[in-house]
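Single-structure report; data block below.
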Amino acid sequence: MDLSNLKPAKGSVKNKKRIGRGQGSGRGGTSTKGHKGAQSRSGYKRKSGFEGGQMPLFRRVPKFGFKNINRKEYRAINISTLQKLVDDKKLSAINQEVLIQNGLASKNDLIKILGQGELKAKLEVTAHAFSKTAIEAIEAQGGTTTKM
């Protein structure tokens, strides 16, 4: 056996049905599309979600609520996490770059500092938003909060 006599396995290759190539082919005339109706016409496309005339799922299921297009999604970081960072890395200032380098945020995230946990270090924290309890906790230790 060599490359000159390779053949596909028997029965694995089938000839394509050549539709619409005259009456003698057995698939001329209506070209297997039946008579009349939308599905026999060129350019027919079934509507997405169409279930054969049955009431489609997206109409059967009740809708409620709304999506606020002005919502801002923040990456929440607690002051307990900031304390861990300070303990591990010996930092005095925390900003977006520091959080990105330590895998706590990505470059497109809006960062909000939350007040859960305990802070023992004096920190300069820069973020997009702060909760009231986080501001109180940071300033109680003599630190500063700066909004970006």
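Read-outs: derived from the displayed coordinates by stated rules, not from any lab. Quick caveat: nothing in here was measured; it's all calculated off a predicted structure. Neighbour counts run over all protein chains shown; Cβ positions are idealised from the backbone, glycine included.
Taking every alpha-carbon pair under 8 Å whose residues sit at least 6 apart, the chain reaches a relative contact order of 15 percent. Applying a threshold of 22 Å to the alpha-carbon distances of 107/132; 16/36; 14/36; 89/122; 72/112 flags 107/132; 16/36; 14/36 as lying beyond it.
Our estimate of slack between residue 55 and residue 9, defined as 0.36 nm per intervening residue step minus the Cα-Cα distance, is 11.9 nm. Have a look at 137, 70, 121 and report the one farthest towards the positive end of the charge dipole of the chain, computed about the Cα centre with Cβ charges (Lys/Arg +1, Asp/Glu -1). Going by the Cα projections, it comes out as 70. With distances taken between every two different alpha-carbon atoms, the chain has a Kirkwood hydrodynamic radius of 22.6 Å. Working from label points 7 Å from Cα in the Cα-to-Cβ sense, the residue 70 to residue 1 distance is 7.1 nm.
Calculated mean residue ellipticity at 222 nm for the chain: -5500 deg cm²/dmol, from DSSP H runs with n ≥ 4 weighted as -39500 (n - 2.57), summed, divided by the residue count and rounded to 500. Need one number: % antiparallel among DSSP beta bridges in the chain, to the nearest 5. The answer is about 5 percent antiparallel.
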